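The values are calculated or read from the model by the stated rules, or taken from the named source; none is laboratory data. Since the model is a prediction, treat every value here as computed from it, not as a measurement. Using ideal geometry, Cβ is built from the backbone for each residue, glycine included, and neighbour counts are taken over all protein chains shown.
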Amino acid sequence: MLKRIILLFFLVQISFSGFSIITVLSPVEENLLNNESITIGSVQQGECFEVIVAREGLRKQYWDDVIVSLPNDKWKYEYKVEDKTISVDVCVKKEEAENIYNIGILLIDNEAVMPKEKVNIKVKVEENLINFKVIKTTEVGEVGKPINYKIIVENKSIASHKILINSDLSKAWFTEVIFEAPPKSKRELNVSITPRAAGYKKFNFKFDSLINGKELSRKDTEIKINPSLLSKLSSAAYSLPLFDIVTLPQRLIVSALFVK
């Protein structure tokens, strides 16, 4: 009962004040009064995030336009007015220092008595918001047969991030992968290597940002590779000769016939 009375008093105060309620829909959902602030989360340098606001206010005000004030002129923004929402895309500069920054969004109603109201969006810029985990760092395989690795990618940012997954293996063993991690997400990614020679090998997966150019992480991995029958016959194709000179012609003929 008390909560209903407080809510009713709050609505009456808004009605007499002439201010509307501004509804932020994403990346968090909140109703705000004029000049109120809200913290929406964290982003990394160079990322672009989206803020969505409902066009209609509680007092049936209808926002027609928006003016955005940014922390500095190296930040950029674009906005789009649609039937029911206004979306603002904000891009953080690549060299921005870690800190909490304020973004002002001024909403404009062309037909209202009090045509402008503002919300203050606070966002934290910080590093290391993307985590990587290789599920199984030691694998056993066979020459010429792909070996799959499961990698968990967790993105704690409110922005998506494009990532290059590479390795210190040669291109014959591993082909780089480009992956986009959605905002506030945890995804399982499958990548594969194709061993070209038998033996025990240590290598690493390297994760680089295609947004700001930084190395995000590096994970050490190892593999034991057993020879296949074909690899025993065709070792000259990918490694140093492991046979005597007398049988060299026959082995080279087998390599030419069977190895792609």
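Observations on the model:
- Reported count of residues in the stretch 199-221, each being surrounded by fewer than 16 Cβ atoms within 10 Å (Cβ to Cβ) and outside any strand (DSSP E or B), is 3.
- Residues (more than 25 Å from the chain's Cα centre (by Cα) and either in a strand (DSSP E or B) or acidic (D, E) (or both)) located in the stretch 127-166: T138, E139, V140, G141, E142, I147
- Scanning the stretch 167-198 for residues that are surrounded by fewer than 16 Cβ atoms within 10 Å (Cβ to Cβ) and assigned to a strand (DSSP E or B) gives I178, E180, S185, K186, R187, E188, L189, N190, S192.
- Cβ pairs under 8 Å, 6+ apart, first in the stretch 175-190 and outside the structural domain of Q44 (by TED's automatic domain parsing), second assigned to a loop (DSSP other than H, G, I, E, B) and among the β-branched types (V, I, T): P183/I158; K184/I158
- Here I135, I67, I108 are screened, and the one residue that is surrounded by fewer than 18 Cβ atoms within 10 Å (Cβ to Cβ) and in the same structural domain as S217 (by TED's automatic domain parsing) is I135.
- Within the stretch 111-132, restricting attention to residues that are among the charged types (D, E, K, R) and touching a Leu at 6+ places or on another chain (Cβ under 7 Å), the residue that is surrounded by the most Cβ atoms within 10 Å (Cβ to Cβ) is E117.
- Scanning the stretch 169-187 for residues that are among the charged types (D, E, K, R) and at pLDDT 95 or above gives E176, E180, K184, K186, R187.
- Residue count for the stretch 137-175, restricted to those that are among the basic types (K, R) and touching a strand residue (DSSP E or B) at 6+ places or on another chain (Cβ under 7 Å): 3.
- Screening L189 on (1) among the aliphatic types (A, V, I, L, M); (2) under 23 Å from the mean Cα position of the chain (by Cα); (3) under 12 Å from T221 (Cβ atoms) shows it passes everything except condition (3).
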